[in-house]
Amino acid sequence: MKEIEALAKALRNAKHVVVLGGAGVSAESGIPTFRDALEGYWSKYDPELLATPEAFRRDPALVTRWYDERRQKVLACQPNDAHRALVEVEAWCHEHASTFVILTQNVDGLHQRAGSKDVVEVHGSLLKWRSTRSNQEVEDLPIPFRTYPANAPDGGLLRPGVVWFGENLPELAVERVELELARADLFIAIGTSGIVYPAAAWSEVARQNGAFTAEINRDPTPLSSSFNMVLRGNAGEILTSLISEIRGG
């Protein structure tokens, strides 16, 4: 596949590799998407009305239960070939004195579970909850929670560490994104929809800063025409082929 050879060449020439990962990376693990999680009892709810600070203040028990069910589904899933291949790409980059970072829109923690070392969770994590009183992250969470809502040790309530509608991205994550986009010479968007901002703008920012840009996706996106290269197919298959190419080249 000529596109794989071309992407492998770009990877060999790169010194600062940035990957933007979206839902398509986790799809092969069976991770339920934002709307897929609304089944059975939850089918009568609009997820965009549940995923807000206002919804949590209005009915913290309901929102906590929904996010806890999503958390349990995520924990029951395992990293797939795409996650594992990205671990190998990271290792290869480090072997060749290149930097490598994943900016993930996913909140499932599968990149870290697969073994990726440098992951920026731009939308937060379902696996990390924090107190509404102190904003302190709480570890060793029970599965499932014993009560809904769940109580934090400091007397506040536990809320999921995800970015809700109407909330800003984590400040430290934004700072890291800006740094990486400024120095990237290879930017690869994998399994992203191209419609969720600000992440949808990052490929263009990287390109304007001089990066070679590539998109890996099963389907065309609104941004496909703006990439230097587009590879169509499952992320796991394409990334596994990329590893074979760079290891054999």
Can you confirm whether region 177-189 contains a residue that is surrounded by 14 or more Cβ atoms within 10 Å (Cβ to Cβ) and in a loop (DSSP other than H, G, I, E, B)? yes
Within the bounds of region 63-72, is there any residue that is part of a helix (DSSP H, G or I), among the polar types (S, T, N, Q), crowded, with 19+ Cβ neighbours inside 10 Å and under 13 Å from the mean Cα position of the chain (by Cα)? no
Mind checking which residues of region 190-203 are outside any loop (DSSP other than H, G, I, E, B) and either within 22 Å of Trp164 (Cβ to Cβ) or touching a Ser or Thr at 6+ places or on another chain (Cβ under 6 Å) (or both)? Ala199, Ala200, Ala201, Trp202, Ser203
For region 194-216, the count of residues that are surrounded by 17 or more Cβ atoms within 10 Å (Cβ to Cβ) and either farther than 25 Å from Gly124 by Cβ or modelled with pLDDT under 95 (or both) equals 8
Restricting attention to region 152-166, report how many residues are in a loop (DSSP other than H, G, I, E, B) and surrounded by 13 or more Cβ atoms within 10 Å (Cβ to Cβ). 5
Could you list, in sequence order, all residues of region 64-86 that are in contact with a helix residue (DSSP H, G or I) (Cβ under 9 Å, 6 or more places away or on another chain) and of a type in the set (A, V, I, L, M)? Val74, Ala82, Ala85, Leu86
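Please tell me if Ile143 is over 30 Å from Arg65 (Cα atoms) and in contact with a helix residue (DSSP H, G or I) (Cβ under 7 Å, 6 or more places away or on another chain).
No, not satisfied.
Any idea which of Glu5, Glu95, Glu28, Glu48 is among the charged types (D, E, K, R), touching a residue at least 12 places away in the same chain (Cβ under 8 Å) and within 30 Å of Ala182 (Cβ to Cβ)?
Glu5
The values are calculated or read from the model by the stated rules, or taken from the named source; none is laboratory data. From a predicted model like this one, the values you see are computed outputs, not experimental measurements. Backbone-built Cβ (ideal geometry, glycine too); neighbour counts: all protein chains shown.
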